[in-house]
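Beneath this line is the structure, given in structure tokens, with notes to follow.
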Amino acid sequence: MPAFRVRSVVVSALAGAIVAGGSLIAAAPAVAVQNSTEGSAPSAITSMWAWGNPIDPATDARGLGQPQFEPAALVAFAQEHHLRSVYLSVPWAANQGAFATWLPEAVAALHDAGISVSALGGDSGWTTQPSLAAQWVTDALSTAPFDAVQFDVEPWAGIPNPDLATIVPQYAAMLDAARTAAGDVPIGADLPWWLAAHPVGDGTAFDALLPHLQSVAIVAFSDHAAGSDGIIALAEPAAQAAATAAVPFTIGVETDTPAAAGGAQYTFGDDSPVALETETALVRSHFSTTAGYGGVTVEHLLAWQTLLG
């Protein structure tokens with residue numbers, strides 16, 4: 001499961017620099033999102049990444065046997081938290097084996113509940129072999145009527161100083177190949193906040209990828225909203241770039257364990273459901289008047305359920 005683990009010196013050095021441009025935590029009027037929460041105020045969380053599947057590994061080597069991904073269970077959780085959208089993980093060759101039955105059933109059940117569903121997946125190698133991304137998209141969309149495609153591709157993962165001047169054009173070419181394969185189905189991607197702090201061409205790496213996307217989930221993993229290393233400050237430049245480019249966006253937060261997240265400061269996994277709701281409400285308050293803002297996306301279903309207890 002991808003987990004956006006580019007931390008290192010790059011992250012800590014950039015966080016302070018991003019705040020220098022001005023105040024990033026002035027609250028804007030909140031927009032009510034129809035979502036459940038720990039109190040009377042509506043939750044800021046509108047979507048989630050759902051990595052996993054209920055397939056018996058004895059029948060399919062790709063299976064994980066997780067009952068939380070049975071269609072009825074997915075719908076029950078999404079409805080309980082009044083989610084608008086689910087990014088549902090889709091394996092390679094989704095149109096084969098047990099996945100060819102489960103995926104359409106899951107998508108249909110979520111659609112019946114009024115919830116949109118994106119095919120979620122990706123591999124860092126696809127940036128140098130865009131035909132593989134196109135094939136994955138073709139297979140996914142032939143299996144179930146997904147509303148969108150959501151790429152989670154991290155060719156920079158584990159590299160302290162990634163060569164973005166090379167990586168970004170490759171990533172863009174992959175997105176273009178996928179878009180051709182997808183036809184009218186929108187293409188989205190999970191992109192880390194720090195891409196908006198790295199120059200590429202006439203703008204930033206984030207700017208360069210936006211024209212190739214119809215939506216973006218800005219990954220800004222932190223366990224607090226305010227401050228130079230908080231969600232708001234990290235996400236602000238990318239959010240403003242997305243708004244300028246008229247690309248709808250959400251802000252991604254983490255609920256996995258500190259060990260999986262790369263440190264306690266990057267996740268709500270060692271905090272509480274109340275902390276998650278409180279801090280994401282501050283995120284909503286700040287970004288609610290930013291054009292294209294669509295709420296907060298939680299990483300990920302199983303970890304969030306563990307946090308809820």
With the first residue restricted to the stretch 66-92 and required to be more than 19 Å from ASP147 (Cα to Cα), and the second required to be among the β-branched types (Val, Ile, Thr) and part of a loop (DSSP other than H, G, I, E, B), Cβ contacts under 9 Å at 6 or more apart or on different chains are GLN66/ILE55; HIS81/THR37
(1) in a loop (DSSP other than H, G, I, E, B); (2) under 18 Å from ALA245 (Cβ atoms) all hold for ASP190 apart from (1)
Output the residues belonging to the stretch 246-271 that are surrounded by fewer than 19 Cβ atoms within 10 Å (Cβ to Cβ) and more than 13 Å from the chain's Cα centre (by Cα).
ALA246, THR257, PRO258, ALA259, ALA260, GLY263, ALA264, GLN265, ASP270, ASP271
Given the structure, is ASP202 surrounded by fewer than 16 Cβ atoms within 10 Å (Cβ to Cβ) and closer than 29 Å to LEU110 by Cα?
no
Which condition breaks for ASP176 when tested against (1) under 30 Å from THR138 (Cβ atoms); (2) open to solvent by less than 10 Å² (accessible area, probe 1.4 Å); (3) in contact with a His (Cβ under 7 Å, 6 or more places away or on another chain)?
(2)
Within the stretch 212-226, the residues that are open to solvent by 10 Å² or more (accessible area, probe 1.4 Å), more than 22 Å from VAL149 (Cβ to Cβ) and of a type in the set (Gly, Ala, Ser) are ALA226
Among the residues of the stretch 229-247, write down those that are touching a residue at least 60 places away in the same chain (Cβ under 8 Å) and either under 14 Å from ALA264 (Cα atoms) or among the small types (Gly, Ala, Ser) (or both).
ASP229, GLY230, ALA233
If you check every pair at least six apart or on different chains, which have Cβ atoms under 6 Å apart with a residue in the stretch 207-228 that is touching a residue at least 12 places away in the same chain (Cβ under 8 Å) first and a residue that is aromatic (Phe, Trp, Tyr) second?
VAL216/PHE249; ILE218/TRP193; ILE218/PHE249; VAL219/PHE4; ALA220/TRP193; PHE221/TYR266; ASP223/PHE268
Has the stretch 227-244 got any residue that is surrounded by 18 or more Cβ atoms within 10 Å (Cβ to Cβ) and hydroxyl-bearing (Ser, Thr, Tyr)?
no
If I filter the stretch 92-104 for residues that are within 20 Å of the chain's Cα centre (by Cα), of a type in the set (A, V, I, L, M, F, W, C) and modelled with pLDDT of 95 or more, do I get at least one hit?
yes
Just checking, does the stretch 44-62 include any residue being open to solvent by less than 30 Å² (accessible area, probe 1.4 Å), at pLDDT 95 or above and assigned to a helix (DSSP H, G or I)?
no
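The values are calculated or read from the model by the stated rules, or taken from the named source; none is laboratory data. All of these numbers come straight from a predicted model, not from anything done at the bench. Because the Cβ atoms are built from the backbone with ideal geometry, glycine has one as well, and the counts that use them run over all protein chains shown. Ligands, DNA and RNA are stripped out before the accessible areas are found, and what is left, the full protein with its side chains, is counted by its heavy atoms. Shrake-Rupley method; radii C 1.70, N 1.55, O 1.52, S 1.80 Å.
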